[in-house]
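One structure is given below, encoded as structure tokens.
The values are calculated or read from the model by the stated rules, or taken from the named source; none is laboratory data. Since we're looking at a predicted model, the values are computed, not measured. Please note: Cβ atoms are built from the backbone with ideal geometry, for glycine as well, and neighbour counts cover all protein chains shown. For accessibility, only protein heavy atoms count, side chains too; no ligands or nucleic acids. Shrake-Rupley method; radii C 1.70, N 1.55, O 1.52, S 1.80 Å.
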Amino acid sequence: MSGVLRRGSLSFDLHKGRGTSEANLYGGYRETKPAPGTPEISVIALDFRRYSDDLKKVVAAPAPSATGQPPQDPARHNPPTDLSQDVDSDVISNFLGHYTRWSFLWTFLLCLFQLPTTFHLFMFVFQTAPKDFWCAQPANLRQMNLSEWRNLSQTADGCLLLDVDYTQLSLEDGKLTNWPANASDLGYRQCQDFEFSDNEALTLVQEFELVCGRDILSLVETCFLVGAAAGAVLSGWISDRFGRRHTLMAFVTIQSVFGGILAFSTSVAMFMSLRVIIGFASMTVTVVSFVLVVELVSGKWRTIIGILNILPVAITYVLASGLAYLIRDWRILQLVISWPWLIMLSIWFWLPESPRWLLAQGRLDELCGLIERAAKTNGTSGTLPHNYRKTLEAAVPRAVQPQPEANSEEVMGASGSPSAAQLDTQRSGHVNPLLVVFGAKYWRTTCLTLIIWLTLIIIYFGLTLHLSNLGGNIYINNAVAGTIEAVSICTSILVVLKAGIRRSLIGYMLLPGICCLATNLVTSQTGVIALATIAKCLIGANNAIIPTYTAMQYPTIVRNFGVGMGNLASGIGLILVPFLWHLERIDALLPLNVMGVCGLIGAIAICLMKDVN
């Protein structure tokens, strides 16, 4: 029997069998099954971060008192902050802290990246705001009363025009002459030109006349959502492969530049093509900025900051309403929400990479530089152990560690073929995230995540569309909805810290579903609106919590991809929501019933998920 001690691992060999426990990025251990015939050995794993003397914070010995009394131990009254003894700590937070001045600065700035993304997603509501329209009056009948013209010449929906030669008509003393006596027997033809109400607000619908047979607004919006669904998954792979920092800033550039170009669209086809690109970039910015925020903090702050990172989404609802009210031209509005955000590129050089991603990739030089800059900002440079790099080296995954030369027996097996150890040295440090999230360990988590995100988005955006369809002022409706959601997000932090993240999610998914189903029991429109508003408030909190919960389910190397899988399901849900409301033609409450069932299904799926601290 032989025992071999390697960096970050403890291995035992017995009769050519091997059982290995390797330290992972969180200070725990990854267990692998021993080879057949290997006796089971119980090993008590000591956490090197807690019991290594060279990692303890050095505390200066107290000087003797003037009276000659023995010095008091300062730790008894002001114990030093030693995160190596904290159960919520990992090898990174032991040097960076859970949440510090440095963390606050960057998490605050990264939260701002949610603003342009939400602008691009929701400003479409104002750019395509519905307007009253009718078949345009001929030049020779401009003086005719508008109501009389509409009642006399066209159908109620304003799409068909009475098949009359209007060039032969004239208006004398306010009376129409030469009107054919058999007009009631004539058929209708499609209108070629339209006029719209409220000419002060130039919308996409008005400029490209997307009404009647040319009403393709659902298809136009689907282009953005298809791009978002693709970006949800591919952005995870890109940032896991090339890092969070450069991926985020590159797609912020794409989002802003192409968002500005969109304002100069000369056709609907050009508008739709650009919306696909913007959708891809926007979802990438959302996913990557969130994951980077979560990986800059630890402990309970990972939950708090993860939820607060979604707060700007609700605030953007209010800001978007105000901007759209002040700027009525959709082109100018598009420029305002796009090009000013190029100023965010000024932080590209200083923006830190995810320390946990750097550790997972074995890039210790960059990680040590980041830790030292953070310590300088926090004023804790003097407390860093001189040999802290050894701790980081021990925590680097074996797949990306430089492999020592193995002896001939380890390199070649008995048959002369390469051994498993040799094959390991030939492997790249980059893993296929798809094989991980759908592997034996995480496939169940991934399938449940897809169900949860899909049902959540159907309820969340389904209710948002329902509230906006209740009538009233579109600007006020969106501002009120944003305010309600912001309050619910802030309140959810206290609920999560008190009840736990999983139980909170179950409640925030189950109660909206019950509220939607309860609309069948009320007879007044006011009661339906009240229940829908309550459901909107609760599901808004769920929408803020679920990204953090999803991120906690996966390891660092595929965390971004795991969150991206959830966003893929959300993209599918967004595409389904417009078609969901077509069910109103069958029954007015049928969409709410579908959302109620989705709430129950989502709550059951969360119950089947594993809990996290």
Q.
Suppose all protein chains stay in the model; what accessible area per residue would a 1.4 Å probe give for the stretch 479-613, in Å²?
A. 39
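How much area per residue is accessible in the stretch 223-342 when the probe is 1.4 Å and only protein heavy atoms are counted (Å²)?
For the stretch 223-342, the solvent-accessible area averages 31 Å² per residue.
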Q: Would you mind computing Rg(Cα) / (2.2 N^0.38 Å) for the stretch 165-222, counting N as its residues?
A: 1.64
Q: Report the accessible area of PHE438, computed with a 1.4 Å probe over the heavy atoms of all protein chains in place, in Å² rounded to the nearest 10.
A: 90
Q.
With +1 on the Cβ of every Lys and Arg and -1 on the Cβ of every Asp and Glu, and nothing else charged, how large is the dipole of the stretch 89-186 about its Cα centre, in debye rounded to the nearest 20?
A. 620
Q: Take the solvent-accessible surface of the protein heavy atoms, probe 1.4 Å, and return the percent of it on the stretch 299-369 that carbon and sulfur atoms account for.
A: 74
Q. Between SER170 and residues 5 or more places away or on another chain, which pairs have amide H atoms under 5 Å apart, with H built 1.01 Å from N, and which residues are they?
A. THR177
**Q.** Residues whose placed amide H lies under 5 Å from that of ASP329, excluding near-sequence neighbours
**A.** LEU202
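Given a 1.4 Å probe and every protein chain left where it sits, what share in percent of the accessible area of the stretch 130-236 is carbon and sulfur? Numbers along the way, then the final one.
Working: 2870 of 5770 Å².
That share works out to 50 percent.
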Q: In nm, give the distance between the simple-model label positions of TRP443 and TRP339, each being 7 Å from the Cα along the Cα-to-Cβ direction.
A: 5.2
(Q) Can you sort PHE258, PHE119 by solvent-accessible area, 1.4 Å probe, largest first? (A) PHE258, PHE119
Q.
Using Stokes-Einstein with the Kirkwood hydrodynamic radius over Cα pairs, what translational diffusion coefficient do you get for the stretch 142-190 at 10 °C and a viscosity of 1.306 mPa s, in µm²/s rounded to a whole number?
A. 138
Q) Are any of the pairs LYS498/LYS610; LYS300/LYS610; LYS300/LYS376; LYS390/LYS610 more than 26 Å apart by Cα-Cα distance, and if so, which? A) LYS390/LYS610
